[in-house]
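Right, one structure below, let's go through it.
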Amino acid sequence: MSQVSSLRRFTLGLLAAVASAAALALPAAASTLATVKQRGVLHCGVSEGLNGFSAKDAQGAWSGFDVDFCRALAAAVLGDPQKVSFTPLSASERFDALKAAKVDLLSRNSTWTLGREAELGLAFAGITYHDGQGFLAKRALGVDGALALDKAKICVETGTTSQANLADFFRANSLTYEEKPFGSAAEAFKAFEAGTCDVLSRDQSALYGERLRLAKPGDAIVLPDVISKEPLGPVVRSDDFAWFTVVKWVNFALINAEELGISTTTMPAALASQKPDVRRFTGAEGGFGKALGLDPDWAVKAVRAGGNYAEIYERNLGTGSKLAIPRGLNQLWSMGGVLYAPPLR
């Protein structure tokens, strides 16, 4: 082979390598973060109505644990917690709506599973609520635990992990049951209320809210048994790592804020603090806002939107709410729970 031919092949190979590297270095076209900033509104997918998590009042105002996360994200990205539009989605349509970019994320009591990430092309940006599937039973049934539900009629929503977990639990314990499947959570609840079934099964946190909707809440009981792990958290598309990182770290910021003692009431002291970890949180040091594509005080804005993790939990689900759900696993790791977030550093 001539020196000219060798040089030509070397040059073409070098140009191809440079072109490939340049292509990899190019930012993704129309990234979600850029789209949200240009639009000026965050599109958030939520449930069709679940007490404590996402519900709309008579005036059309949304509230709840999942709703407050969306507002914290909007504050971090857009500087205003009110710049959010909420799209109610059923369990069957939520993931398709996200993949079709009808919403920027789901904050909709969705369980993190392998299949949903690997098969659907989605990414869960952490866990905001550690839940487990349970049972809401009519007191007239006279049961005090899940193992006493042999031959019971159980209402469950189709297309959910609850339906699959139900089958696994009864099979594993050599019990039988009569499944009453319904296409939506609302239909399953109405059937339970009407007496079509004796038991309603879904995430235990949701059952506390459903019980309060009954005409006589005292006629039903949330059984103590938890039959599954249901890690709930915000979901994004897996093809935009930068947006995934932003959503993930807003979640972590709310948890870290509680651990650092930074809340809506202590924010002035935090802004004046000389502690290194607090200064990194407020943006006085570190430059992490720039790395995320956000303002230096993005974490401060997220907390100001509705509080740190504890404030959001207590207002919507805990002692300050009608549901009064004990924090349990959702307590900080240093307080006996499993709630844990990587440090902002």
Report task. Confirm whether Arg279 is in contact (Cβ under 8 Å) with a residue 60 or more places away in the chain and either of a type outside the set (A, V, I, L, M) or under 24 Å from Asp240 (Cα atoms) (or both). Result -> no
Query - Every residue from segment 154-168 that is modelled with pLDDT of 95 or more, assigned to a helix (DSSP H, G or I) and surrounded by 22 or more Cβ atoms within 10 Å (Cβ to Cβ) - result: Leu166
Requested in this report: Output the residues belonging to segment 199-229 that are buried (at least 23 other Cβ atoms within 10 Å of the Cβ), within 23 Å of the chain's Cα centre (by Cα) and not in a helix (DSSP H, G or I).
Outcome: Leu200, Ser201, Arg202, Asp203
Requested in this report: Would you check if there is a residue in segment 306-315 being of a type in the set (Ser, Thr, Tyr) and over 17 Å from Thr128 (Cα atoms)?
Outcome: no
Report task. Would you check if there is a residue in segment 254-263 being within 20 Å of Trp62 (Cα to Cα), of a type outside the set (A, V, I, L, M, F, W, C), in contact with a helix residue (DSSP H, G or I) (Cβ under 7 Å, 6 or more places away or on another chain) and open to solvent by 20 Å² or more (accessible area, probe 1.4 Å)? Result -> no
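Out of everything in segment 118-153 that is part of a loop (DSSP other than H, G, I, E, B) and of a type in the set (Asp, Glu), what residue ends up being nearest to Asp225 (Cα to Cα)? Before the answer, list the steps.
To start, the set of residues in segment 118-153 that are part of a loop (DSSP other than H, G, I, E, B) comprises 119-121, 125-128, 132, 142-145, 149-151.
Within this subset, residues satisfying the condition of being of a type in the set (Asp, Glu) are 119, 144, 150.
Working: Glu119: 30, Asp144: 9, Asp150: 14 Å.
Within segment 118-153, the match that is nearest to Asp225 (Cα to Cα) is Asp144.
Which residue, of Ala310, Ala284, Ala305, Ala341, is more than 16 Å from Gly64 (Cα to Cα) and under 20 Å from the mean Cα position of the chain (by Cα)? Step through it out loud before you land on a result.
Working: Ala310 fails: more than 16 Å from Gly64 (Cα to Cα); Ala284 fails: under 20 Å from the mean Cα position of the chain (by Cα); Ala305 fails: more than 16 Å from Gly64 (Cα to Cα).
Only one candidate qualifies: Ala341.
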Query - Residue within segment 324-337 that is open to solvent by 70 Å² or more (accessible area, probe 1.4 Å) and within 18 Å of Ala125 (Cβ to Cβ) present - result: no
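Quick one: would you say Ala72 is more than 14 Å from the chain's Cα centre (by Cα), part of a helix (DSSP H, G or I) and modelled with pLDDT of 95 or more? Spell out how you get there, then give the answer.
On the way: more than 14 Å from the chain's Cα centre (by Cα): no; part of a helix (DSSP H, G or I): yes; modelled with pLDDT of 95 or more: yes.
For Ala72, the condition - more than 14 Å from the chain's Cα centre (by Cα), part of a helix (DSSP H, G or I) and modelled with pLDDT of 95 or more - is not met.
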Report summary line: Among (1) open to solvent by 10 Å² or more (accessible area, probe 1.4 Å); (2) closer than 26 Å to Thr245 by Cα, Ala299 falls short only on (1)
Query raised in the report: Can you find a residue in segment 230-238 that is in a loop (DSSP other than H, G, I, E, B) and of a type in the set (A, V, I, L, M, F, W, C)?
Result: no
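The values are calculated or read from the model by the stated rules, or taken from the named source; none is laboratory data. Note that the structure is predicted; figures quoted are calculated from it, not measured. Cβ atoms come from the backbone with ideal geometry, glycine included; neighbour counts cover every protein chain shown. The protein model used for the area step is the full one, side chains on, heavy atoms only, and it has no ligands, DNA or RNA in it. Shrake-Rupley method; radii C 1.70, N 1.55, O 1.52, S 1.80 Å.
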